[in-house]
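What follows is a short report on a single structure.
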Amino acid sequence: MAIIKPESIPMGRKKINLRDVAKVAGASKSTVSRVLNNKLGNGFTVTESVRNRILDVSRELGYRPNLIAQSLSNQQRMMIHILGGCHALHDLGDIYQTAVNEIVSIIDDTLEDGSVTVDMSSHRENKSELPPWHINAAIILAKCNASTIGELEQANIPYIVINGPAGKNGSMVVPDDVNGMRLAIKHLAELGHKRISYAGPQAAFLRGHSSVYDRHHTYLTEMEKHNLPVMSGHDKLFSTIKTYENLYKSAIQYIETSVLENKATAIIVYGHMEALNLVQAAQSLGVSVPEQLSIICFCDQHSCDIMSPSMTFIDLMSKEMGQAAAKLLLKQLSQPEKIEPEIIKVPEQLVQRRTTAAAPKE
């Protein structure tokens, strides 16, 4: 740990800058910049003691790099901004955090001189969600407001939307929800289930999302292909009020109607929160899962890993979506004159765990 003398600490400044860190650490500004931005190599090295001293001083002084100043002073620095997650975090689970981690990792490994910024905060509908500094490209999680899309299009800034709609010049990376529903129905049909119900999404926000239509429409067409009856309630939202209390009440009502009255032996569920509440509701009503009722949901690997019981699910492949978005964006940035809107569909996968089993004997 570096020992910082009181007289070395800059006084009378509201913000600590790179010059302050360099002065206290006894190193040049360029050396400090390279160490803090992890830009060693290419013939530039520092001793471990110098590196540790710079890191210690930076922490002690509370230094934070000024990304705006970096962007303005060094136009060669590639600035990529990730935004939009606040519109979907509560409705689509935490799949976007996994995607963001993959995006940042790939871009950091590929770009020698680039920065990635992330903003998942809430913005007003008519206010731009872009940062005040220059950016070279953007990745949007699910969606952003219309004014932000318009600003990106007008400035001709490349952007990619993950699991959501893009403007005419934007590209999209989306999960293949159609094939995901096919996998779910095929799995249950092979287990002998003939009365398969579908529980739609809980959130009003999702009514305009492509996954709502794709999963519901595919449920109808696939049930017909398998010569299975379409169960009542498939065309209603599971719940429109985003509270756990209301969600559980809806789950109780759903089990009473679909299972106890209409004799469904399996339920395909839009998301993991609805599925968890259905499992709890079934157990409270004396319906055992999976012996009497199989449940399968659409979800992200991370969310299902921390759930109990261990849920059979259709994996939305958030990691793969993040990887695909990062690689596509890097390709577009390397050939800006050849950028054309693209749509990449990432295949979903069935992961069988403990909530699906053979249909009970009649």
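The strands (runs of 3 or more DSSP E) located wholly in the range 101-199 that include 2 or more residues which are modelled with pLDDT of 90 or more occupy 137-141, 159-162, 171-175, 196-199. Inspection of the range 2-9 identifies no residue that is within 24 Å of I107 (Cβ to Cβ), surrounded by 12 or more Cβ atoms within 10 Å (Cβ to Cβ) and modelled with pLDDT under 85. Looking only at the range 164-218, residues that are closer than 16 Å to F298 by Cα, of a type in the set (F, W, Y) and within 22 Å of the chain's Cα centre (by Cα) come to 1 in all. Cβ separations smaller than 9 Å between residues 6+ apart or across chains give the following pairs from the range 126-145 residues that are within 19 Å of G164 (Cβ to Cβ) to residues that are among the charged types (D, E, K, R) and not in a loop (DSSP other than H, G, I, E, B): S128/E151; E129/D119; E129/E151; L130/D119; L130/E151.
The values are calculated or read from the model by the stated rules, or taken from the named source; none is laboratory data. All values reported here derive from a predicted model rather than from experimental measurement. Quick reminder, even Gly has a Cβ in these numbers, built from the backbone with ideal geometry, and neighbours come from all protein chains shown.
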